[in-house]
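Structure, as structure tokens:
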Amino acid sequence: MNMIILMKIALRNIIKNWKKSLLIVAAIFISCLIFLISNALSNGAEEQIISGYISNHSGYIMLLWKSAHDTNPDSPERLYASKFDPDKEIAYKLTQNRLNEFLTSHTQDVKSFFHA
């Protein structure tokens with residue numbers, strides 16, 4: 001069929017059943033509006049959670065022992081599995097010294113840091 005004929009038939013059906021057409025348009029509009037609002041709320045909540053965690057807990061850099069890295073990333077115990085290994089204390093101190101050197105040499109880029 002010709003495209004013009006199809007458009008005429010579609011327009012005639014929309015005009016003939018204008019109440020149903022208006023109801024469908026309203027339903028689509030409301031569902032899109034709900035989707036956009038929920039998406040905006042979830043993005044805002046995500047940003048607030050991340051900024052709150054960064055400002056209250058760790059900052060942008062978090063140091064963990066290797067045992068925490070080796071655990072399953074989906075497991076909640078990965079945050080508690082971080083154990084201090086006394087045999088690697090020298091390596092830990094060297095790492096801490098390197099981090100302190102970096103922080104002191106980049107004071108203009110670092111907002112704040114805490115020395116343990």
Tell me the label-point distance for the pair GLN96, ILE30, using the 7 Å Cα-to-Cβ offset, in nm and rounded to one decimal.
6.1 nm
Need the full-extension length gain, MET7 to LEU23, defined as separation in residues times 0.36 nm minus the C-alpha distance. One decimal, nm.
3.7 nm
Per-selection Rg to Rh, segment 1-59 - Cα, Kirkwood hydrodynamic radius
1.47
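Every number in this text was worked out from the coordinates using simple rules, so none of it is lab data. All figures in this text were calculated on a predicted structure; none of them were measured in a lab. As a convention, Cβ positions derive from the backbone with ideal geometry for all residues, glycine included, and neighbour counts pool all protein chains shown.
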